[in-house]
Structure formats: C-alpha cells, structure tokens
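Written out below as structure tokens is the structure these notes cover.
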Amino acid sequence: YLDYGEGSTYLGLYTMVEIVDDTLIETQFDDDSGNVYKPEGAGASFAANSFSERSFDKETNQDEADYSDILALYDVLHSETRLSNPESWRAELESLFDVDGFLHYLAINNTIQNWDTYGRMTHNYYLYNNPETGLLTWIPWDNNEALGSGKRQGTLSLSMDEVGANWPMIRYLIDDPVYNEIYSNYLAETVSGAFNADKMAATYQEMATLIAPYASADVGEVAFNSAVQELINHAYQRAEAVNTFLGK
C-alpha cells in the first residue's frame, strides 16, 4: 500500500531487497569500508585473460582506481600451482577469497536451483573485500529465477560436470578433491537443514496463508494454490536429487 496523499492505495505484492553497497554491508559485516564490486560481462566469468575494469564495477571507494584485490584473485586462481602443488594453491586462494563461503553458496544454489547466475550467466553476484579478514566474499544477487529447473540452458547439475574452464571459479574448485568434498558436505547439510523438505513445506504453507487473500486476488485462487504446491513438490524433488547424487 502507498499513500500518495489521498489515502492508502493497494499496489500489489512486492519483494523488498536490501541493497548490497548500502545497508547490507553494514548489517552483515562489522566493517563496511571495503571494496564492493558488482561484476558484469566477460571478466565476471574469471576466465583466463578476461579481466577488465569495466567488468568489475566499483560500488564503493570509487575514487580509488585500485583493482589489486581482484587481480590477485585472478592470478592465484589461474596459478600453475593448482596442478603442481594443490595444497599451496588452496592456501594462497584461501588467503584472498572466502572459498568456504563460496562452496556453501554453490551447494545451496544448486540444491534450490537457480539458472541466472555464475556458471550460466556473467552477472548476479557481488564481491565484498571484507577489511576484517582481507577476503573477497561472494554475495548472491537477483535470485528471482530460483526454485525451478530454469530457462535457456537450465540450471546447473549437482555434479556440474557440464561446466567448463571458462567458469574457473566452479571448475577449478570442484576439480579439487578437498573442495569437492566440502561442497558435497554442504549439499547434505542443505537438504537436512535450511532446505529440509518437511521444513520448507511448512514454511511455504505458512507464507501462503499470509499472502493468500492478496495473491489470489492478483492471479486467481486456483493458480495461486497450484504454485504453492509446485514449490512444495520442488523441495521434495530436490531432496531426493541431492540424496541420490550423494549415494544416500
């Protein structure tokens, strides 16, 4: 509802999203003075030799033309030590990038299914250089295409075998057995915890009850109830898919 001066007017159902470079870095990090990047375009894939400043739009500290943190991540990601000395490569990578956070995100993203993001599209994430840790932190963005099998090429498989070296943030990490195990553990944790099917079914029903009068008025009761059931079915299908992938 919005009041233009003549009383409240109903405008429909909307989602509210917290802007990353405004309040999110204040609420989610103890220090909000670091670099916030909104990657977009070829360089956002992190493919070899693809870096350009245009692909890493600075949302904070814009007066400082310093991209050394991003360039350092490029260099380490593509370092020869990845194959010759994986332990050293992991240590270097983890000194620059919140690898654990990224693998956790990847497991959740692939469980719930979201095609419009890294691995398919060169956008829809932020990177924040957290001054407290000195680590670039992956922040997902624009998740409105989640909770479905996807459009265009569709969502990534749980194995991500189809992802090539042009998406090295996925390919290189998942090819590493240590990181692959962490990813698999996060898959199991996702379907047993935050995206537990029974829990999600109850959550969907609770949220549906809250918005039913308004959503049904917008799209019709039958369509609304069908959409809620589709979400519930999806949660159970994804739990089964993850457990099958993990051999459980």
*asked:* Name the single residue that is surrounded by the fewest Cβ atoms within 10 Å (Cβ to Cβ) among those in segment 169-201 being among the charged types (D, E, K, R) and over 30 Å from Ala48 (Cα atoms).
replied: Asp198
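Quick one: in segment 51-107, of everything that is of a type in the set (A, V, I, L, M, F, W, C) and in a loop (DSSP other than H, G, I, E, B), which residue is nearest to Pro140 (Cα to Cα)?
Going through the qualifying residues, I end up with Leu96.
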*Any hit, segment 59-71, residues being open to solvent by less than 20 Å² (accessible area, probe 1.4 Å) and aromatic (Phe, Trp, Tyr)*: no
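Would you mind stating whether Tyr204 is open to solvent by less than 50 Å² (accessible area, probe 1.4 Å), closer than 20 Å to Lys248 by Cα and within 24 Å of the chain's Cα centre (by Cα)? Can you show your working first?
Working: open to solvent by less than 50 Å² (accessible area, probe 1.4 Å): yes; closer than 20 Å to Lys248 by Cα: no; within 24 Å of the chain's Cα centre (by Cα): yes.
For Tyr204, the condition - open to solvent by less than 50 Å² (accessible area, probe 1.4 Å), closer than 20 Å to Lys248 by Cα and within 24 Å of the chain's Cα centre (by Cα) - is not met.
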_helices (runs of 4 or more DSSP H) wholly inside segment 162-248 containing at least 3 residues that are under 16 Å from Ala107 (Cα atoms) and of a type in the set (A, V, I, L, M)_ = 168-175, 177-192, 221-245
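Of all residues being of a type outside the set (D, E, K, R) and surrounded by 11 or more Cβ atoms within 10 Å (Cβ to Cβ) in segment 1-18, which is modelled with the highest pLDDT? Just the residue, please. Don't jump to the end; show me each part of the working.
Here is the first cut: in segment 1-18, the ones of a type outside the set (D, E, K, R) are 1-2, 4-5, 7-17.
Those left that are additionally surrounded by 11 or more Cβ atoms within 10 Å (Cβ to Cβ): 13, 17.
Working: Leu13: 85, Val17: 89.
Among them, the one singled out is Val17.
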*asked:* Going residue by residue through segment 211-230, is there one that turns out to be under 20 Å from the mean Cα position of the chain (by Cα) and open to solvent by 50 Å² or more (accessible area, probe 1.4 Å)?
replied: no
*In segment 23-35, what residues are surrounded by 13 or more Cβ atoms within 10 Å (Cβ to Cβ) and not in a loop (DSSP other than H, G, I, E, B)?*
Leu24, Ile25, Gln28
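The values are calculated or read from the model by the stated rules, or taken from the named source; none is laboratory data. Please read these numbers as outputs of a predicted model, since none were measured by experiment. Positions of Cβ are backbone-derived with ideal geometry, glycine not excepted, and every protein chain shown enters the neighbour counts. Accessible surface is based on the protein model in full, side chains and every heavy atom, while ligands, DNA and RNA are left aside. Shrake-Rupley method; radii C 1.70, N 1.55, O 1.52, S 1.80 Å.
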